[in-house]
1. Answer yes if at least one residue in region 183-194 is in a loop (DSSP other than H, G, I, E, B) and open to solvent by 10 Å² or more (accessible area, probe 1.4 Å), and no otherwise.
2. Identify the residue in region 111-128 that is outside any helix (DSSP H, G or I) and either buried (at least 23 other Cβ atoms within 10 Å of the Cβ) or on the phi > 0 side of the Ramachandran plot (or both) and, among all such residues, is nearest to the ligand (Cβ to nearest atom).
3. Cβ contacts < 8 Å: first residue among the basic types (Lys, Arg), restricted to region 100-129; second residue away from the ligand (no atom under 16 Å from the Cβ), any location; separation 6+ or different chain. Result?
4. Looking at the structure I just gave you, is ASP147 open to solvent by 50 Å² or more (accessible area, probe 1.4 Å) and within 16 Å of the ligand (Cβ to nearest atom)?
5. Name the one entry in GLY354, GLY270, GLY336, GLY297 that is at pLDDT below 95 and surrounded by 16 or more Cβ atoms within 10 Å (Cβ to Cβ).
6. If ASP282 satisfies all but one of (1) away from the ligand (no atom under 15 Å from the Cβ); (2) under 17 Å from ARG110 (Cα atoms); (3) part of a loop (DSSP other than H, G, I, E, B), what's the number of the condition it fails?
7. Please state which one of GLU327, GLU331, GLU321 is away from the ligand (no atom under 16 Å from the Cβ), in contact with a Gly (Cβ under 7 Å, 6 or more places away or on another chain) and part of a helix (DSSP H, G or I).
8. Within region 398-424, how many residues are assigned to a helix (DSSP H, G or I) and open to solvent by 20 Å² or more (accessible area, probe 1.4 Å)?
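The values are calculated or read from the model by the stated rules, or taken from the named source; none is laboratory data. Model, not experiment: these values are computed from the prediction. So basically every Cβ, Gly included, is an ideal-geometry build from the backbone, and we count neighbours across all protein chains shown. Just so you know, the surface numbers come from the protein's heavy atoms only, side chains and all, with ligands and any DNA or RNA stripped out. Shrake-Rupley method; radii C 1.70, N 1.55, O 1.52, S 1.80 Å.
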Amino acid sequence: MNKSSAYFERSKGVMPGGVNSPARAFSSVDMDPPFIERGEGAYIYDEEGNKYLDFVGSWGPLILGHGDEDVVKGLEEVIKKGTSFGAPTKIEMEMAELMVDSLPNVEMVRMVNSGTEATMSALRLAKAFTGRSKIVKFEGNYHGHSDSLLIKAGSGALTHGVPDSLGVPEEIGRNTLTANYNDLDNLKAIFEANKEEIAAVIIEPVAGNMGVISMTEEFARGLRALTKEHGIILIYDEVMSGFRVSFQGAQSLYPGIAPDLICYGKIIGGGLPVGAFGGRKDIMSMLGPIGPVYQAGTLSGNPLAMRAGFETLNKLGKNPEFYKKLEAMAEKLEQGILQAGERHRIPVTVNRVGAMISLFFTDQSVRDFNGANAADQQRFKTYFKAMLEEGIYLPPSQFEALFLNVQMTEEDLNQAISAIDRVFSELP
Ligand code: PMP
């Protein structure tokens, strides 16, 4: 037994499934996960010393790659002064200013510790602001694991066959209405049937948790117009897409359409645990201590997390060519996948928005959950395992996006594309 499998067995004795987050167990691809020992640039290394080109990047945060020198230097500086105070610090102010100055429609922001907390808190705020209790989410969108959002969820929940978790009380579930992504008629019908009852609609504007699927322009406009008409708060969940599809995130891809609240996570923590939600000042001002909505956190705005996030956003903001590079790489990867598919007669659909990219084993176009779900999962498993053997570390599910980072080189990408070609040539 190799070291990873031995550690996995030990872990299973003391942690449910041996992990602290389900997707890491690789049960979706029927294999033991490698235990990762370290990361450097575009690569990670497991406990055996195997080297992998990393297309997971901690599931999104590591857009600068592993061990970015500015992030590491910043963390070293902070750690000497202390790791946490539970008191206001200058870096929190600087981080909030950086976000408010960089992002459209973010007039005020509050830091939390995860994307789950961000969406959960944004919903509470929307319910308080409107005095209503129902929410609408879209099938296959994932917004973390708070009770009201773990309904027809995407991502790990979907991969593990539990888009609706046990333990979510029925009465909470009843207040979460699910709509079809990119389907305005469906949304209209839901709004008509629940007049004056819906507080908020939450959506991944560029979804990454049912593979990559984005709102059509028409849907985005209709969604904003309809929510406005019905007095419903529109929440964009940009936990994954924020600072990923472009510096200003998915909202910049739909100019002239302003959400009321936006949630962030992943990249804004530079690899440390962070989330944030922000938006309209009149809504955000309902938060304690200046308003009646309670929300708090012992480690919220933690100095290490703020500094890692600040260095990351600062670097991204100053280097617009990073996004051009990421997009060019994703485009090259897309072409590589499509060409390999053609060459070896493997039906593939690649969805890509900027540098957010995913592949589905189907020849049908994929623009909603049903489309994603119809792709060949069995073939994905075989593909995933063979790619791992080639030294390419992918997210272990067709419902996840691939994450590129700025440390990847032309040579790395060529290596990945040749591996895809070899693996496709042997797919049953
Ligand atoms: N929203 C989206 C769009 C996400 O992709 C995720 C995590 N993958 C979350 C929310 C939850 O974030 P976290 O895992 O930090 O709680």
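1. Quick first cut of region 183-194, residues in a loop (DSSP other than H, G, I, E, B) only: 183, 194.
Subset that is open to solvent by 10 Å² or more (accessible area, probe 1.4 Å): 183, 194.
Within region 183-194 (the criterion being in a loop (DSSP other than H, G, I, E, B) and open to solvent by 10 Å² or more (accessible area, probe 1.4 Å)), the answer is yes, since at least one residue qualifies.
2. The first filter runs over region 111-128 and keeps only residues outside any helix (DSSP H, G or I), leaving 111-114.
Right, trim to either buried (at least 23 other Cβ atoms within 10 Å of the Cβ) or on the phi > 0 side of the Ramachandran plot (or both) and you get 111-112.
Working: MET111: 13, VAL112: 9 Å.
Checked region 111-128; the qualifying residue nearest to the ligand (Cβ to nearest atom) is VAL112.
3. Hits for this filter: ARG110/MET284; ARG110/LEU287; ARG124/VAL293; LYS127/SER133; LYS127/ALA199.
4. Here the answer is yes, as ASP147 does meet what is asked.
5. Values: GLY270 fails: at pLDDT below 95; GLY336 fails: at pLDDT below 95; GLY297 fails: at pLDDT below 95.
Result: GLY354 is the single residue among GLY354, GLY270, GLY336, GLY297 that is at pLDDT below 95 and surrounded by 16 or more Cβ atoms within 10 Å (Cβ to Cβ).
6. Every listed condition holds for ASP282 apart from (3).
7. Numbers: GLU331 fails: in contact with a Gly (Cβ under 7 Å, 6 or more places away or on another chain); GLU321 fails: in contact with a Gly (Cβ under 7 Å, 6 or more places away or on another chain).
That would be GLU327, the only listed residue that is away from the ligand (no atom under 16 Å from the Cβ), in contact with a Gly (Cβ under 7 Å, 6 or more places away or on another chain) and part of a helix (DSSP H, G or I).
8. From region 398-424, those assigned to a helix (DSSP H, G or I) are 410-424; that's our starting set.
Okay, now just the ones that are also open to solvent by 20 Å² or more (accessible area, probe 1.4 Å), so 410-411, 414-415, 417-418, 421-422.
Result for region 398-424: 8.
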